[in-house]
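Enquirer: The structure that follows is given in the form of structure tokens.
The values are calculated or read from the model by the stated rules, or taken from the named source; none is laboratory data. Since the model is a prediction, treat every value here as computed from it, not as a measurement. In this analysis, Cβ positions are derived from the backbone assuming ideal geometry, glycine residues included, and neighbour counts consider all displayed protein chains. The accessibility values were calculated without ligands, DNA or RNA, using every heavy atom of the protein model including side chains. Shrake-Rupley method; radii C 1.70, N 1.55, O 1.52, S 1.80 Å.
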Amino acid sequence: LKHEEAITSLELADPTATAEIAHKETSTMMTILNAMAVLIALATPVHGFSSVPLRYWSGTKSAPHDSFLKRNHAGNNVVGTSLASTSGDSISSSIVSPGDMVAVVGRGFTSVLAAKVAARRGYNTWMVYPPKEEEVIRRLLGDKIMNDNQDLELVSALEDPDLLQDRLSRTSAILIVVDGTDGVIMDPSTIDFLISSESLKRVVVMSRHLNGKDMGFFAKASKKTANPEVWDGSCIDKYRSFEAMVQQKANNFGADCTIVRAGTIKGGSCGGEDEEANHDDLVDTTLARDYYEITKKDIITWQLLFDCNVRGVRLEKGDVLPGPGAKAIFTATGTDEHPGDTGRAGIAEAMVRSLELDSAANVDFGVATKENRVPPTDEEWTQLFSVLS
């Protein structure tokens, strides 16, 4: 039975006080079971899509109104006062510091990388996974972090629901990270299940550039012919509804919400083995080199070449970054800096580092690429985030 059908059937059977109690217990159980089923489906990293049919927020139900995103004078999307109108003390309390518990939930390679980055940064990190995907997730994380680091826990969505609920009750921040560009993001019941604890301080969501600039025909053609992971802006309304829904839920529980925007996501591992820049710190904050074997479609994968050339990052406040434009067909698998691209390592790092900043609470910002053979230093990240102030 669907959640609503279960409630309706109980109402018809016995409209007494006893039945009302049964309604609540049944609806709660149905919500948990439904959410767990979707969590299992969402957590598939290999190809970014699950074999389990997923439901998504289509905007056809009573979605939260788009007024949660307002336009500033420059035309940027900024979070409205309903989410940002908190006191200074409240904003400071939303900082999530290393040592706090962070959950990573989603689908695709970026969710795995975000979990690795969070653990390496010192967060007590746990990640939801379906049992059949544990082996490939461990391959992507690499032996070093799984053997040496006690700050990363893989939690099965199927085998131990009590553990899942215990972790949620103690979690300070949730990273929602979904790679796919098809508009299948996250079911409303899953969001209700995830954002349900008073311990939660912040929710950080990976979304997409929704302003529509330099999208259109060429971007859509490149997605069909060159790279199915190209972000072509074809499901903007679904992302807007998803963002508003998460913001509303976070606001209900007194948590801040950060929207981190991506274009076409590329790369994610450490590049060539012989590179001078390929030091231990780089290996610790990227996916294992098995990523290239999993994604390779030719003798040399373009993803590896991208990771060698484009390790720099650029941040822009609001929803202002453009798509690939008329050159989309040429840049779809391009290995240099191009408009419309986002490095997987860059956005994973940006999402995690935003947890420590007051300025990142209740704002949205985009992540773009910058040609550089080394990633940003701690000092450079501080400078990058200064655009949010």
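Enquirer: Around Lys213, which amide H atoms from residues at least 5 apart in sequence, or from another chain, sit under 5 Å from its own amide H, with H modelled in the peptide plane?
Expert: Close amide H contacts, sequence-distant or interchain: Gly323.
Enquirer: Another question, then. Going by accessible area, probe 1.4 Å, with all protein chains left in place, what is the ranking of Asp358, Asp237, Asp232, largest first? Could you put the intermediate results ahead of the total?
Expert: On the way: Asp358 65, Asp237 110, Asp232 10 Å².
Listed by decreasing accessible area, they come as Asp237, Asp358, Asp232.
Enquirer: Asp256's amide H: which non-local residues (gap 5+, or another chain) put their own amide H closer than 5 Å, with H modeled 1.01 Å from N in plane and none for Pro or chain starts?
Expert: Result for Asp256 returns Arg202, Val203.
Enquirer: Continuing with this model, one more query. Just to verify a number: what accessible area does Tyr239 come out at with the full protein assembly present, 1.4 Å probe, Å² rounded to tens?
Expert: 0 Å²
Enquirer: Another question, if that's okay. By how many nm would the segment from Lys132 to Arg170 lengthen if fully extended, with 0.36 nm per residue of separation less the alpha-carbon distance?
Expert: On the way: separation 38, 0.36 × 38 = 13.68 nm, distance 2.62 nm.
Additional length available on full extension: 11.1 nm.
Enquirer: What ranking do 165-176, 107-118 get when scored by the average of other Cβ atoms within 10 Å per residue, highest first? Spell out each step's value before the answer.
Expert: On the way: 165-176: 20.8, 107-118: 27.6.
Highest mean packing first, the order is 107-118, 165-176.
Enquirer: Another one. Against the empirical 2.2 N^0.38 Å scaling, what ratio does the C-alpha Rg of region 314-375 come to?
Expert: Against the compact-globule rule of thumb, the ratio is 1.22.
Enquirer: Enter the accessible area per residue of region 144-258 (Å², integer; probe 1.4 Å; all protein chains in place). It would help to have the intermediate numbers written out before the result.
Expert: On the way: 4230 Å² over 115 residues.
Spelled out: the 1.4 Å probe surface of region 144-258, per residue, equals 37 Å².
Enquirer: With N set to the number of residues, divide the alpha-carbon radius of gyration of region 250-389 by 2.2 N^0.38 Å and report two decimals. The partial results should precede the final answer.
Expert: Values: Rg = 15.6 Å, N = 140, 2.2 N^0.38 = 14.4 Å.
Normalised Rg, Cα atoms only: 1.09.
Enquirer: Please state the charge dipole magnitude for region 291-353, taken about the Cα centre, from unit charges on C-beta atoms (+1 on K and R, -1 on D and E), reported in debye and rounded to the nearest 20.
Expert: Using Cβ point charges on Lys, Arg, Asp and Glu, region 291-353 gives about 60 debye.
Enquirer: At 1.4 Å probe size, with no ligands or nucleic acids counted, give the accessible surface of Arg240 in Å², nearest ten.
Expert: So the heavy atoms of Arg240 present about 70 Å² to solvent.
Enquirer: Hey, can you grab everything whose amide H is under 5 Å from the amide H of Val374? Only 5+ residues off in sequence or another chain; H modelled, so Pro and N-termini drop out.
Expert: For Val374, whose amide H was placed from the backbone, the distant partners under 5 Å are Arg311.
Enquirer: Per residue, how much space in cubic angstrom lies within the convex hull of the C-alpha atoms of region 166-240?
Expert: Normalising the Cα hull of region 166-240 by residue number yields 95 Å³.
Enquirer: Restricting things to alpha carbons, find the Rg to Rh ratio for region 181-299 using the Kirkwood radius for Rh.
Expert: Numbers: Rg = 18.0 Å, Rh = 17.1 Å.
Reported Rg/Rh (Cα atoms, Kirkwood Rh): 1.05.
Enquirer: By accessible area of protein heavy atoms, probe 1.4 Å, what ranking do Ile329, Ile294, Ile299, Ile145 get, highest first? It would help to have the intermediate numbers written out before the result.
Expert: Working: Ile329 75, Ile294 40, Ile299 145, Ile145 0 Å².
Final ranking, largest accessible area leading: Ile299, Ile329, Ile294, Ile145.
Enquirer: State the extension gain, in nm to one decimal, for the chain segment bounded by Ile299 and Arg373, taking 0.36 nm per residue of separation less the distance between their alpha-carbons. Don't skip to the answer; put the middle values down first.
Expert: Details: separation 74, 0.36 × 74 = 26.64 nm, distance 2.24 nm.
Full-extension gain reported as 24.4 nm.
Enquirer: Past the 18 Å Cα-Cα mark, which pairs from Lys238/Lys317; Lys132/Lys238; Lys317/Lys370; Lys220/Lys370; Lys223/Lys327; Lys296/Lys370?
Expert: Working: Lys238/Lys317 21 Å; Lys132/Lys238 29 Å; Lys317/Lys370 16 Å; Lys220/Lys370 24 Å; Lys223/Lys327 12 Å; Lys296/Lys370 23 Å.
Going by Cα-Cα distance, Lys238/Lys317; Lys132/Lys238; Lys220/Lys370; Lys296/Lys370 fall outside the 18 Å limit.
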